[in-house]
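Working notes, structure below.
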Amino acid sequence: MAPGAVPVHLGAMGASSVHVIGAGPAGLMAAERLARAGAAVTVHEAMPSAARKFLMAGRGGLNLTHSEPLEAFTGRYGEAAPLVAGWLERFSPTHLIGWAEGLGQPVFTGSSGRVFPRAMKASPLLRAWLARLAELGVEVRTRSRWTDRRDGGWLFSTPQGERVERPDAVVLALGGASWPRLGPDGGWREGLEAAGVVTAPFRPSNVGFDVAWSGVFAERFAGQPLKPVALTFGETSVRGEAMVTRYGIEGGAVYALSAALRDAIERDGTATLAVDLRPDLTIAALAERLTRPRGKDSVSNWLRKAAGLSPVAVGLLREIPGELPAGADKLARRIKAVRLTLTGVQGLARAISSAGGVRLEAVDERLMLKALPGVFVAGEMLDWEAPTGGYLLQASMASGVVAAEGALDWLARDGRTGA
Ligand SMILES: Cc1cc2nc3c(=O)[nH]c(=O)nc-3n(C[C@H](O)[C@H](O)[C@H](O)COP(=O)(O)OP(=O)(O)OC[C@H]3O[C@@H](n4cnc5c(N)ncnc54)[C@H](O)[C@@H]3O)c2cc1C
């Protein structure tokens, strides 16, 4: 227990024992809250080390949260917004920033409003966090995989064999099903369903889409960014960056639309994305530039110079079957709305996150499973989704706080019989 902490549920057996299963950001945050409140906390992690997906999130710059006003922030969670709003009241972006700084990781806000640790990586933050948890008395058991429930206990597979644990309460923070090789493989779903917990199938979120590029285009431009672009699907437009890949298209602006695009492809087989290759210019301003004579330039060179397009942007324009439209106005309109047909959704293996998991109606406001009193759920294993931009880590950690506080409340009031 943490030095000086007041133990919850002191009785003949001492402090309440809470086992947190899953050592990602949601589980570790729950463990920290529980230990600070005086619970005896054990964290189980199936992998040989903690928080592998969190470390991977830091590879391209760890986007911890976002600086936009809370109302806009909350709106990023779609249907889950009302629930997530409650989590963010308990642990807001300001709290998260204070927490990171408390671990010796000052942050900065990028021009997009996204918040990053100055170190950019996750590893210094994770190191300091695990050291703090050790000081608080949290025991982290790696290679300890929860496999089943047996006679009311929790069965773990460990290198020393099977082990049954009977803690007073449990926080499940097992993650979703994206990047399964980092640990979150969604293997828990069947076991919880069997225990009467309603779940939704996993679906890729923040994911790339297939486009039937010509061989020449894929060969020449895979790995090149289209930036800045504005992407429009239905009523929603997003400015940012998209990356051409061999299979199709990915990147921040694509991810922001990925839930709606995925749903449309699942429903209709394809989806049409409009790409504005010159979002800073109006059609009239672009048309004006395109009145410039071509002279001896090839069409591609002329487009590059007159419209200020990158080679990959010109390549994309030329991927659309048929001739380029004649006349400055028509051409300007095409450049500002290249219609790309998306033919498929990439899989969970490389999706940044997943939708699906424990349905929100399966938990109460303390994030306790209605079917399993004393068992709380946090993080990406709950059925919510949000675009990239720091929204995933923010909600994962905030739900870890809510689940921990829920467990403490339950232990104080009802938790006599154990989870
Ligand atoms: C490439 C990439 C970049 C990303 N970048 C960002 C970013 O910049 N900003 C952002 O907000 N989000 C980002 N994310 C998403 C973010 O990493 C996740 O949303 C977040 O890690 C979810 O936290 P979690 O604790 O709920 O789950 P996880 O981090 O998935 O942790 C769950 C843990 O549970 C363990 N586990 C699973 N089953 C068992 C079991 N049966 N027994 C024991 N342990 C088990 C897993 O091994 C895992 O360690 C990124 C993700 C990826 C893949």
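The values are calculated or read from the model by the stated rules, or taken from the named source; none is laboratory data. Model, not experiment: these values are computed from the prediction. Reconstructed Cβ throughout: ideal geometry from the backbone, glycine too, with neighbour counts over all protein chains shown. All accessible areas refer to the heavy atoms of the entire protein, side chains included, with ligands and DNA or RNA removed. Shrake-Rupley method; radii C 1.70, N 1.55, O 1.52, S 1.80 Å.
Worth pointing out:
- Only one of 123, 144 that is open to solvent by less than 50 Å² (accessible area, probe 1.4 Å) and under 22 Å from residue 63 (Cα atoms): 123
- Qualifying positions in segment 129-154 - small (Gly, Ala, Ser) and either within 16 Å of the ligand (Cβ to nearest atom) or part of a loop (DSSP other than H, G, I, E, B) (or both): 137, 144, 152, 153
- Counting only residues that are open to solvent by 10 Å² or more (accessible area, probe 1.4 Å), farther than 10 Å from residue 25 by Cβ and within 8 Å of the ligand (Cβ to nearest atom), segment 372-390 holds 1 of them.
- Test: residue 68 is farther than 16 Å from residue 396 by Cα and within 9 Å of the ligand (Cβ to nearest atom): no
- Whenever a residue of segment 200-217 is within 24 Å of residue 319 (Cβ to Cβ) and of a type in the set (S, T, N, Q), its partners that are more than 16 Å from the ligand (Cβ to nearest atom) and open to solvent by 40 Å² or more (accessible area, probe 1.4 Å), lying with C-beta atoms within less than 8 angstrom and at least six residues away or across chains, give the pairs 214/319.
- The residues of segment 68-110 that are in contact with a helix residue (DSSP H, G or I) (Cβ under 7 Å, 6 or more places away or on another chain), in a loop (DSSP other than H, G, I, E, B) and under 21 Å from residue 240 (Cα atoms), listed by number, are 76, 77.
- When residue 255 is tested against the conditions (1) away from the ligand (no atom under 16 Å from the Cβ); (2) assigned to a helix (DSSP H, G or I), the lone failure is (1).
- Considering segment 29-62, the residues that are open to solvent by less than 20 Å² (accessible area, probe 1.4 Å) and part of a helix (DSSP H, G or I) include one that is farthest from the ligand (Cβ to nearest atom), namely 35.
Residues are listed down the side, and each one gets a yes or a no for (1) among the polar types (S, T, N, Q); (2) in contact with a strand residue (DSSP E or B) (Cβ under 9 Å, 6 or more places away or on another chain); (3) under 28 Å from residue 347 (Cβ atoms):
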position: 214; (1), (2), (3): yes, no, yes
position: 251; (1), (2), (3): no, yes, yes
position: 271; (1), (2), (3): no, yes, yes
position: 293; (1), (2), (3): no, no, no
position: 307; (1), (2), (3): no, no, no
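- All conditions in (1) modelled with pLDDT under 95; (2) more than 19 Å from residue 225 (Cα to Cα); (3) not basic (Lys, Arg) hold for residue 329, with the sole exception of (1).
- Annotation note: Cβ proximity below 8 Å between a residue of segment 105-116 that is under 17 Å from residue 252 (Cα atoms) and open to solvent by less than 20 Å² (accessible area, probe 1.4 Å) and a residue that is assigned to a strand (DSSP E or B) and of a type in the set (A, V, I, L, M) (sequence gap 6+ or interchain) occurs for 115/107.
- Candidates 65, 74 - the one that is open to solvent by less than 50 Å² (accessible area, probe 1.4 Å) and farther than 21 Å from residue 106 by Cβ: 74
- Residues of segment 155-171 satisfying the condition of being more than 9 Å from the ligand (Cβ to nearest atom), surrounded by 15 or more Cβ atoms within 10 Å (Cβ to Cβ) and in contact (Cβ under 8 Å) with a residue 24 or more places away in the chain: 165, 167, 168, 169, 170, 171
- From the options 312, 377, residue that is β-branched (Val, Ile, Thr) and either free of Cβ contacts under 8 Å to residues at least 40 places away in the same chain or within 30 Å of residue 197 (Cα to Cα) (or both): 377
- Residue in segment 138-146 that is within 20 Å of the chain's Cα centre (by Cα) and under 26 Å from residue 40 (Cα atoms) present: no
- Screening segment 184-226 for residues that are among the aliphatic types (A, V, I, L, M) and within 11 Å of the ligand (Cβ to nearest atom) and picking the one that is nearest to residue 340 (Cα to Cα) gives 207.
- Residues in segment 249-289 that are at positive phi and buried (at least 19 other Cβ atoms within 10 Å of the Cβ): 251 alone.
- For segment 129-141, the set of residues classified as surrounded by 15 or more Cβ atoms within 10 Å (Cβ to Cβ) and of a type in the set (A, V, I, L, M, F, W, C) consists of 129, 130, 133, 136, 138, 140, listed by residue number.
Okay, residues lined up against (1) more than 30 Å from residue 188 (Cα to Cα); (2) at pLDDT 95 or above:
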residue	(1), (2)
307	yes, yes
325	yes, no
342	yes, yes
345	no, yes
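- Residue within segment 346-359 that is open to solvent by less than 10 Å² (accessible area, probe 1.4 Å), more than 16 Å from the ligand (Cβ to nearest atom) and not in a strand (DSSP E or B) present: no
- Residues located in segment 182-201, provided they are open to solvent by 40 Å² or more (accessible area, probe 1.4 Å) and either touching a strand residue (DSSP E or B) at 6+ places or on another chain (Cβ under 7 Å) or within 18 Å of residue 379 (Cβ to Cβ) (or both): 185, 187, 189, 193, 198, 201
- Filtered by the rule that a residue be in contact with a Pro (Cβ under 7 Å, 6 or more places away or on another chain) and not small (Gly, Ala, Ser), segment 186-232 gives 206, 228, 229.
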